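**Q** Can you read through this structure? Questions will come right after.
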Amino acid sequence: RKEVEQDPGPFNVPEGATVAFNCTYSNSASQSFFWYRQDCRKEPKLLMSVYSSGNEDGRFTAQLNRASQYISLLIRDSKLSDSATYLCVVNKVTGGFKTIFGAGTRLFVKA
Amino acid sequence: NAGVTQTPKFQVLKTGQSMTLQCAQDMNHNSMYWYRQDPGMGLRLIYYSASEGTTDKGEVPNGYNVSRLNKREFSLRLESAAPSQTSVYFCASSGHSGGAETQYFGPGTRLLVL
């Protein structure tokens, strides 16, 4: 089992739709959590950190459920420019600091 | 403030040739990383350096060597390239942001080994 697993996608949604991505992690010692965005043929870029209380940045909402070891990203009012791959990222410190990237979920937003 | 820079952007090698991928960061970060990204595989850590003068193996170190030249620069060397090393290579550095260690990536090097 992978340490960080994401919905395989791709997600194909119309403009204006709400879309949710899920991510589960296997190591309960994981300490910090992020969503990164990667455009085609570009580098991953930090979208937002994920806090225990949940956090929002404009149309994006991230949530963390430590008990279920589950992270989510909600995108409201999707734009064409949201088309990208979204990577779930987990930092853990047990056995040495380590950052683990999920394989990513591809999103296509259509006009 | 350029962030993380990588050279070259593209490279074609023949099997058995060697090359060095260069990476530099201007964010005064202690930690730097080299990843490879292949279709359907996600990012896999090759080597990392927690601080100047130290390097450690990641998930897929075979066939690669690294040098942490100074705090800014971290290079990746392929001594004898193989077709299995065809990939996109990303360098990253990390620093604390909002209470967590956050990674920042360079633009990548696309390598084709024939």
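Rule-based calculations on the coordinates, nothing more; no lab input. Keep in mind that this is a model prediction, so the values were computed, not measured. Please note: Cβ atoms are built from the backbone with ideal geometry, for glycine as well, and neighbour counts cover all protein chains shown.
Each row is one residue, and each column tells you yes or no for (1) loosely packed, with under 14 Cβ neighbours inside 10 Å; (2) assigned to a strand (DSSP E or B).
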residue	(1), (2)
B:A2	yes, no
B:V12	yes, yes
B:M27	yes, no
B:Y33	no, yes
B:Q37	no, yes
B:Y47	no, yes
B:S51	yes, no
B:E59	yes, no
B:F74	no, yes
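**Q** Of all residues in the stretch B:14-25, how many are within 24 Å of B:N70 (Cβ to Cβ) and assigned to a loop (DSSP other than H, G, I, E, B)?
**A** The number of residues fulfilling the criteria is 1.
**Q** I'd like to check which strands (runs of 3 or more DSSP E) are fully inside the stretch A:19-111 and have at least 3 residues that are within 11 Å of chain B (Cβ to nearest Cβ) and within 15 Å of A:E3 (Cβ to Cβ).
**A** It comes to A:30-38, A:84-92, A:98-101.
Residue-wise test of (1) out of contact with any helix residue (DSSP H, G or I) (no Cβ under 7 Å at 6 or more places or on another chain); (2) farther than 21 Å from A:L47 by Cβ; (3) acidic (D, E).
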residue: B:T7; (1), (2), (3): yes, yes, no
residue: B:D26; (1), (2), (3): yes, yes, yes
residue: B:W34; (1), (2), (3): yes, yes, no
residue: B:G53; (1), (2), (3): yes, yes, no
residue: B:R77; (1), (2), (3): yes, yes, no
residue: B:S87; (1), (2), (3): yes, yes, no
residue: B:H96; (1), (2), (3): yes, no, no
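**Q** Return a yes/no flag: does the stretch B:99-112 have any residue that is touching a Gly at 6+ places or on another chain (Cβ under 8 Å), in a loop (DSSP other than H, G, I, E, B) and within 11 Å of chain A (Cβ to nearest Cβ).
**A** Yes, because at least one residue in the stretch B:99-112 is touching a Gly at 6+ places or on another chain (Cβ under 8 Å), in a loop (DSSP other than H, G, I, E, B) and within 11 Å of chain A (Cβ to nearest Cβ).
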